[in-house]
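Laboratory data are not the source of any read-out in this text; all were calculated from the coordinates shown. Source: prediction; values computed, not measured. Neighbour counts are summed over all protein chains in view; Cβ atoms, including those assigned to glycine, are modelled from backbone coordinates with ideal geometry.
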Amino acid sequence: MLNTSSLAALSASGIATPRYARKGAIGVVHLGLGAFHRAHQALVFDALLQRGDARWGVLGVAMRNTALADALASQHGLYAVQVASHAGVQWQVSGALWQTCVAAREPAHVVQALAAPTTRWVTLTVTEKGYTPGLAALLLQGLAARHGAGLGGLTIASCDNLSHNGHRLQALCVEAAQASHPELMPWITSACRFPNSMVDRIVPAATAQRLAAAKLALGVADQAALGTEAFWEWVIESRFVDASDGDVLAAVGVTVVDDVGPFEEAKLRMLNGSHSAMACIGAVAGLPVISDCIAQPTVHAFIHDLMTHEVGPQLKRKDWPAYRNALLARFANPALQHSVHQIATDSSQKIPQRWVPSALDAMRAGRTVERLAFASAAWMRYSLGEDEHGQAYTISDPLAQQTQALARQYAGDAAATVAALSGLATIWGDALPRNPTWLAQVTHHLSAIQTHGVLAAAARLSSTTSTSAAP
């Protein structure tokens, strides 16, 4: 099994391994010990540790997953990452995780770490649905203990796909303090910093195939091996307790800016929005992974035109055409094996961020929204929980029971399905469900999907929709 005693042999075989002492005081508490953090922020902290800056050792806190935390603990926090690009595949072993624990099992450990004098940063990848009063209460306990000990504030950085994520996290903590620890409010707002950030890297969920590939490459078993792409981006607002952290992060490739907004908006609407569209189309068509979806000429044309004509022109990120082209290449990477059902998870939480703002902005600008309407229709068909080959699948979503019940109640009746599912204001807001043009377009496309199949319906859309030359 991969552990500290394995490192010498791995290094001798040419695999990149930690070249620093993995001991000392924790500097970062990370909440949400999933695949994304371990293939993204943890690798940034690993790079800082490789440079000799020992302040970035991480306590990785799984919110509930005891199996993952315990597996990593048995491997001394070590795990391998397969990085795949068009140039080939490379493996590296990350050593930034110095400790792991589980918030639901060991809340006192988390509070103690938040209040430790050496802790400087807190980072979070708890998903869009994780910003709950329970999360705020956990953070508040740590901050209260820290304040009571006379210690300084923390840089607390949300790394989840939420607009203005730092502002939202700060508001969540301040609201919780107002209810239970009003004396903390001035200290939280003055001593702590909540930078907005945008993170970007495609990280599929771990699979048995990936674990087998890791064992073959490493020569030892790794229960927590991951795969990812070569591309990564972390854009963070220059708002830190220690102002020098900006230069430190920039030295290892993090983009430190005054305004994250243009990057955040482009990522949510172009990458995440395209991902959600392909996930629904692929799930309905029976295509298992994103690279299979984008390999379909019809889907490639659909996603290209979605970004070109409906999403990109409204963005503040000026280089969006180049960003679009890079995304299309990234989607096509066959090594990632990014499951459409993984991406479709929590769609009811994602659609308000990924599709609705683009649709509203495009309509205000007098632009077409046909492809956004088609994606919305594909989600409604996806909500049946069965693909076009009769294969059932599980919908993992907080509203799954409600949306699936509605989709099945009105199955085959496009107008009734659209009326029922568009009425969920928590997903669609108020404006789109009241727009007759939007409803008519979604109904038209759902009817086409029901009649012809999702891929054939997308092809019919491409053949009938005027598309001017791409920027």
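Per-structure values
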| item | result |
| --- | --- |
| For the chain, alpha-carbon Rg relative to the globular expectation (2.2 N^0.38 Å, N residues) | 1.00 |
| Antiparallel bridge percentage (DSSP; both residues within the chain; nearest 5) | 35 |
| Loop trypsin sites (Lys or Arg not before Pro), region 267-359, which have at most 12 other Cβ atoms in a 10 Å radius of their Cβ (DSSP) | K316, K318 |
| Label-point separation, A416 to A208 (7 Å along Cα→Cβ), nm | 4.2 |
| Mean shadow area of region 336-419, taken as a quarter of the surface of its Cα convex hull (nm²) | 6.7 |
| Structure-based [θ]222 nm, the chain - -39500 (n - 2.57) summed over DSSP H runs of at least 4, per residue, nearest 500 | -13500 deg cm²/dmol |
| Neighbour-count order for T417, T345, T437, fewest beta carbons within 10 angstrom listed first | T437, T345, T417 |
| Karplus 3J(HN,Hα) series, Hz, for region 44-59 with 6.51 cos²θ - 1.76 cosθ + 1.60 (x for Gly, Pro) | 5, 5, 4, 5, 5, 5, 4, 7, x, 8, 7, 7, 10, x, 10, 8 |
| Backbone HN-Hα couplings from phi across region 318-330 [Karplus 6.51/-1.76/1.60, Hz, Gly and Pro as x] | 6, 8, 4, x, 5, 4, 4, 4, 5, 5, 4, 5, 5 |
| Potential lengthening between L328 and D258 on full extension [0.36 nm per residue; Cα-Cα distance subtracted] | 22.4 nm |
| Rg/Rg_globular for region 362-462, with Rg_globular taken as 2.2 N^0.38 Å and Rg from C-alpha atoms | 1.04 |
| Contour minus Cα-Cα distance for T118 and A295 (0.36 nm per residue) | 58.8 nm |
| Computed Rg/Rh of region 4-257, alpha carbon atoms with Kirkwood Rh | 0.96 |
| Highest average packing first - 167-175, 191-199, Cβ atoms within 10 Å | 191-199, 167-175 |
| Region 261-464 - Debye-derived log10 I(q)/I(0), Cα point model, q = 0.14, 0.15 Å⁻¹ | -0.74, -0.86 |
| Beta bridge orientation in region 4-257: antiparallel %, DSSP, nearest 5 | 30 |
| Extension gain, R367 back to T451 (0.36 nm per residue minus Cα-Cα distance, nm) | 27.5 nm |
| FRET E, pair H109, D430, Förster distance 41 Å, beta-carbon r, rounded to 0.05 | 0.40 |
| 13 Å reach of a label modelled at E175, 7 Å along Cα-to-Cβ, counting backbone N of region 108-131 | 130-131 |
| Ratio Rg/Rh, restricted to region 1-149 and using Cα atoms, in which Rh is the Kirkwood radius | 0.99 |
| Label-point gap, in nm, between V89 and A8 - each point 7 angstrom along Cα→Cβ | 2.9 |
| R408 versus Q391: modelled label distance in nm, points set 7 Å from Cα along the beta carbon direction | 2.0 |
| Helix 454-464 axis, angle to the chain major axis (alpha carbon atoms, nearest 10°) | 60 |
| Rounded to the nearest 20 debye, dipole of the chain from Cβ charges on Lys, Arg, Asp, Glu | 360 |
| Relative packing of peptides 291-299, 303-311 - highest average C-beta neighbours within 10 Å first | 303-311, 291-299 |
